[in-house]
Amino acid sequence: MSYQTDATVAEDVTFVRRVRQAVVEAAINISSEDPGTTNHAARRELAAKVLAAPNGWAEVFAVGVATNPNIGTGTSDPVDDDGALGFVVASIWDAYTG
């Protein structure tokens, strides 16, 4: 995809709402992950921030998710099922921990 397409997908309201749900699910899972997980403290800190303000973080994560080449049009492409969005969110989580 091009940057223009990525940006259009990242700003699509339906896409952002779907990413929000994937981000919240990931935050809940990370909140209870093994403390021995690599980068756990930073991951859990971000999870707490996401759970406190999921709408804002959905917009932030939507940009990263939309850049993934496996995410087609973001809203109507059947390839972009919930599992795909959840997988991409999980795969970029550490990049957002700072």
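The values are calculated or read from the model by the stated rules, or taken from the named source; none is laboratory data. All values derive from a computational prediction rather than experimental measurement. Counting neighbours? That spans all protein chains shown, and the Cβs are built from the backbone with ideal geometry, glycine included.
Structure data summary
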quantity	calculated
Residue check, ALA26 small (Gly, Ala, Ser) and free of Cβ contacts under 8 Å to residues at least 60 places away in the same chain	no
Any helices (runs of 4 or more DSSP H) falling wholly within segment 1-61 and containing at least 1 residues that are buried (at least 17 other Cβ atoms within 10 Å of the Cβ) and out of contact with any Ser or Thr (no Cβ under 9 Å at 6 or more places or on another chain)	13-31, 40-52
Residue within segment 4-19 that is modelled with pLDDT of 95 or more, over 11 Å from the mean Cα position of the chain (by Cα) and of a type in the set (Ser, Thr, Tyr) present	no
Some residue of segment 46-61 being at pLDDT 90 or above, under 18 Å from ALA95 (Cβ atoms) and of a type in the set (S, T, N, Q)	no
